[in-house]
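Rule-based calculations on the coordinates, nothing more; no lab input. Quick caveat, the model's predicted, so the values are computed rather than measured. Using ideal geometry, Cβ is built from the backbone for each residue, glycine included, and neighbour counts are taken over all protein chains shown.
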Amino acid sequence: MSRSAIDDVEYDSYEVPASPLMELRMNDKKVSNLSFDLGLTVKDSLLSFTLANVGAGTLEASLSATGGYEVSPATLCVEGGQVQPFSVRQPADIPGTMSGTVTITAPDLEPISVSLRGIVRDPDKIYLNFDSLPQGWTLNEYGSLADSSLTASSWNDAVLTSPAVEVPEGEELFFRYTRTSDASYQKPTVTVAYSDDEGNWTEMETNFADNAVYQQWSYAHISGIPTSARRIRLTMRYVVIDDLYGFSLPQKAIMQVTAADQDFGMIAADSARFFLVRNEGTAPLNDLKAVSSDPHFSVSLPESIAPGDSAMVSLTLAAGESGLFSTLITVSATNQDTVSFRAEGYVVNQDALWLPLRDSLPDGWKNQGWELSDDGAHAGYGGQETRSIISPRLLIDSNDSLVFRAAREYESGWIRFYLSSDRGATWQMLKEYGSQLSDTARTFSLKDIPAGDYMFRIDGSYAFLYGLNGFHLNDHAPSLTLTQNGLPVSDGFVDDFGILYHPVEHVYEVTNTGTGILSLHVSASQEHLFALSDTVFNLKADSTATLTVVPVFDDNFGIRQTIITFAPEGEQMLPIAVTASVVTRDSTKFHEDFENGFSPLWSNNGWEIETPFYGNGTRMASATNTDSTCLVTPRLRALKGDSLLFEAMLPWTDDPLTVEYSYDEQATWNTASVYNADNNNAYLCLKFTAPEDGCFFLRFVSKYGYLDNFYGFTYEPNAPQPNGLLHTATRINDSTVVYDLAGRKLNPHALTPGLYIRDEKKFIKK
């Protein structure tokens, strides 16, 4: 067995008393400071303690309280080594400052006495929880409100100043406080000053935050402020304060008017603006009045406002008389300083032009680059592009003016007004508004314009335009607007009908977007090439008629053009000339564009339909990457010297297109041409010429080539069949089906006039 030895052990001896011994504890810790501040109470507050018997035997203790405090329970029985809880309540039913003691006694033991203080909030006293700053209180820029407290977080003094207050005899000013940080160099300070005359201040020498602890609230009870004090001021650094309480507001009404200068803008009907009148005092606000210096403005407000209440007051500008009006509004009440503000607005002249500039412009007006919305018209920077609003024809009398409302987006913004006496052919600048504009909207008047019949143009850059009023629309000023499929048509427009095999109509919409009667004559320079549905129009204002243009088909096929002139009567209106162009082709000739895929009349081995990147922009027949690809036309009849036109695109210079023909029902093939491209993606317009009279098949061989737009010869389904061969026409031997000359299946109930095939025979649809 092994042995261990311990030597020289020192220890403190503790002898458990043989009798009961009291110890006051809070949060399982012995209470050494027997003085407690419960702060500001708005409802019952409790302090929780435990009484410990650190001796032996049974502790019989009695508990009592003074000063309005209540302790529960009144007696405690605590065995040796045990604890028992008790609480102290600060009631909230009687407002005011409280102080008292709680005493714990036990036989043969020294009593424990605990000092208490606190404040029960009086709802009639001043109380700031700093959710917001009440009316009359001011805080400079070095203080801020956040998280329901006031923070002064810099070395600059944050200053909180009260409105007029009343200080009862012996009453304290209370607040709680803590440090903004634990940095030693950021010394927390709160000093208090008071003023008897609202001009001179008396500083109290104490720093009431000298003992502030970071993240722990402390309480300040400030006494010694005399009853003569009328305002209180707190100066703070590096502290957070909350629950400022004490003193009273004077028993009087305090009128607070929240109203800035009012701008009604441009109005066409009675319009109201609103401002707020509030009674921040403790007595009724009586004999409340508002006077307007201009009778066009009226104010509706109550005669009295109760303490703490407010009234939303309407200020109305009547629209009975047009013009620019301004007023001084003066608000007064008994024993209150008057409050004044200005208001202005322009009532539009309903007998003149009124353009609110919202969302869209009326008929006859043109917008080039201005953005229209509910907020008005905006002209941004357009670079070299002019942003313009152009009017229809307007009449101006000698005393007329144009009232408008405008603002600028940046200092470089401007608005320019131009007029034209020749319907927009030339323009003369009237006036530029640049430095006159500001960031806020203002009303301007453009005057001294000679009487006459004009069009106006308004250009702008980085500017806003909110309304136009003045001048008059010319009631006898028709205006021609020409559209096709809803799109505008202007002078010089080219109407390309494309390549046609039968007549197709294009429709124009002719609209009078001006005033009065529009008399219009329409003519074609080559009347035999294009047919017009009408040549004379007489249109009322805001009315529309249609004009149909159809190419004329005769025995002459090819490119056809004519100039269609829309000529309105009147010196102020310029004609609109449109060039109509078409390529007509004989519908009895064979044609194929592959837009509907391969017709069953074609023999195909390895060709597909696609739209190549370097093609003609339409679908084309495409040879796949095999050596055996070939594409064979239907049977075609031609006279010697007739031509079959077609287009080809060859992507590569080393990939030729071979064209072969057969006039013996494909028994033998003859090489007509071999085409090689001089450069990649070459686009070629080609033709095959019949070497003799007869029926032909053409075969095309290529590895990567493309084919499109065949035209010429005639489709022949009924030729003799030598050598017992079946020709491709048998594929469409169906008496219930109609085909065009390219072999495309058609709806027999929707045929236009032309030549068709049914039951292997040609027929004419008239």
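Based only on the alpha carbon positions, what is the Kirkwood hydrodynamic radius of the range 354-473, in angstrom? Walk me through the intermediate numbers first.
Working: mean 1/r = 0.0697 Å⁻¹.
Answer for the range 354-473: a Kirkwood hydrodynamic radius of 14.3 Å.
Per the Debye formula on identical point scatterers at the alpha carbon atoms of the range 22-120, with no solvent, log10 I(q)/I(0) at q = 0.24 Å⁻¹ is -1.26.
Using the Kirkwood radius over Cα pairs, work out the Stokes-Einstein diffusion coefficient for the range 477-542 at 4 °C and 1.567 mPa s, in µm²/s as a whole number.
On the way: Rh = 13.5 Å.
Approximately 96 µm²/s, per Stokes-Einstein.
Each label point was placed 7 Å from the Cα along the Cα-to-Cβ direction; for Asp122 and Asp93 their separation is 2.0 nm.
Can you give the relative contact order of the chain as a percent, counting alpha carbon pairs under 8 Å and 6+ residues apart?
In percent, rounded to a whole number, it is 6.
Shape summary of the range 127-245, radius of gyration then Dmax from alpha carbon positions: 13.6, 39 Å. For the range 598-696, GluC sites (Glu not before Pro) meeting the loop criterion (DSSP other than H, G, I, E, B) and having at most 13 other Cβ atoms within 10 Å: Glu692.
Along the range 277-284 the Karplus relation, 6.51 cos²θ - 1.76 cosθ + 1.60 evaluated at θ = phi - 60°, assigns HN-Hα couplings of 10, 10, 9, 8, x, 10, 10, x Hz to successive residues, with x for each Gly and Pro.
Could you give the alpha-carbon Rg of the range 651-718 over 2.2 N^0.38 Å, rounded to two decimals? Before the final figure, lay out each step's value.
Numbers: Rg = 13.3 Å, N = 68, 2.2 N^0.38 = 10.9 Å.
Rg over 2.2 N^0.38 Å, computed on Cα atoms: 1.22.
Just to be sure I understand: if I project the alpha-carbon convex hull of the range 480-584 onto a plane and average over all orientations, what area do I get in nm²? Let's see the in-between values first.
Details: hull surface 24.9 nm².
For the Cα atoms of the range 480-584, the hull's average projected area reads 6.2 nm².
The chymotrypsin sites (Phe, Trp or Tyr not before Pro) of the range 612-698 that meet both conditions, a loop assignment by DSSP and at most 14 other Cβ atoms within 10 Å of the site Cβ, are Phe613, Tyr614.
Tell me, Cys685, Cys77 in order of fewest to most beta-carbon neighbours within 10 Å?
Working: Cys685 9, Cys77 13.
Starting with the residue having the fewest Cβ neighbours, the order is Cys685, Cys77.
Under 13 Å from a label point set 7 Å out along the Cα-to-Cβ vector of Asn604, the amide N atoms of the range 679-712 belong to 707-708.
Rg over Rh for the range 588-631 works out to 0.98, both radii taken from alpha-carbon positions and Rh defined as the Kirkwood radius.
What FRET efficiency comes out for Ala146 versus Tyr214 if R0 is 25 angstrom and r is the Cβ-Cβ distance? Round to the nearest 0.05. Walk me through the numbers before you get to the answer.
Details: r = 17 Å, r/R0 = 0.69.
For Ala146 and Tyr214, the calculated efficiency is 0.90.
Averaging 1/r over each pair of different alpha-carbon atoms in the range 219-263 and inverting the result gives 14.9 Å, the Kirkwood hydrodynamic radius. Applying Stokes-Einstein at 4 °C and 1.567 mPa s to the Kirkwood radius of the range 62-208, computed over alpha-carbon pairs, gives a translational diffusion coefficient of 66 µm² s⁻¹. Each Lys and Arg adds +1 at its Cβ and each Asp and Glu adds -1 at its Cβ; summed about the Cα centre, the range 480-584 shows a dipole of about 80 debye. When the charge dipole of the range 137-268 is built from unit charges on Cβ atoms (+1 for Lys and Arg, -1 for Asp and Glu) and taken about the Cα centre, the candidate among Ala260, Thr178, Trp137 whose Cα reaches farthest toward its positive end is Thr178. Positive contributions from Lys and Arg (+1) and negative ones from Asp and Glu (-1), summed over other residues with Cβ under 10 Å from the Cβ of Ala407, come out at +1. For Thr658, neighbours were defined as the other residues whose beta-carbon sits under 12 Å from its Cβ, and their charges (Lys and Arg +1, Asp and Glu -1) total -1. Here the contact order of the range 255-347, divided by its residue count and restricted to Cα pairs under 8 Å and six or more residues apart, works out to 36 percent.
Taking label positions 7 Å along the Cα-Cβ direction at both Ser228 and Ala269, the computed distance is 6.3 nm, reported to one decimal. Across all Cα pairs in the range 184-244, the calculated P(r) in 5 Å bins from zero up to the longest distance comes to 4, 16, 28, 22, 15, 10, 4, 1 percent per bin. Ranked from largest, the principal axis spans of the Cα set of the range 255-347 equal 44, 19, 18 Å.
Length gained on full extension, Ile563 to Leu34: 179.4 nm, using 0.36 nm per residue less the C-alpha separation.
Residues with amide H under 5 Å of Ala531's amide H, sequence separation 5 or more or different chain, H placed in the peptide plane at 1.01 Å from N; which? Long-range HN contacts for Ala531: Val550, Val552.
Can you work out the FRET efficiency for the pair Asp453 and Tyr381, with r the C-beta to C-beta distance and R0 = 30 Å, to the nearest 0.05? Don't skip to the end; give the middle numbers.
Numbers: r = 33 Å, r/R0 = 1.11.
Rounded to the nearest 0.05, the efficiency is 0.35.
Taking other residues whose beta carbon is less than 14 angstrom from the beta carbon of Gly57, and scoring Lys, Arg as +1 and Asp, Glu as -1, yields -3.
Gain in length, Ser181 to Ser154, computed as 0.36 nm per residue apart minus the alpha-carbon separation, to one decimal in nm? Can you show the working numbers first?
On the way: separation 27, 0.36 × 27 = 9.72 nm, distance 1.09 nm.
Using 0.36 nm per residue and subtracting the Cα-Cα distance, I get 8.6 nm.
At 25 °C and a viscosity of 0.890 mPa s, what translational diffusion coefficient does Stokes-Einstein give for the range 282-412, taking Rh as the Kirkwood radius over Cα pairs? Give it in µm²/s as a whole number. Roughly 129 µm²/s, to the nearest whole number. Checked against a 27 Å cut-off, the cross-linked pairs Lys366/Lys447; Lys687/Lys765; Lys703/Lys761; Lys366/Lys431; Lys640/Lys703 give Cα-Cα distances beyond that limit for Lys687/Lys765; Lys703/Lys761; Lys640/Lys703.
At full extension, Asn27 and Lys765 could sit 254.8 nm farther apart than now, given 0.36 nm per residue minus the alpha carbon distance.
Could you tell me what fraction of 2.2 N^0.38 Å the Cα radius of gyration of the range 445-522 comes to, as a two-decimal ratio?
Values: Rg = 19.1 Å, N = 78, 2.2 N^0.38 = 11.5 Å.
Normalised Cα radius of gyration, the range 445-522: 1.66.
Annotation: amide H-H contacts under 5 Å for Asn140 (H modelled 1.01 Å from N, sequence separation of 5 or more, or interchain): Val159.
Report the semi-axes of the equivalent ellipsoid for the chain in whole Å, largest first, where each axis is √(5λ) for an eigenvalue λ of the Cα gyration tensor.
Values: eigenvalues 1934, 495, 96 Å².
Taking √(5λ) for each eigenvalue gives 98, 50, 22 Å, largest first.
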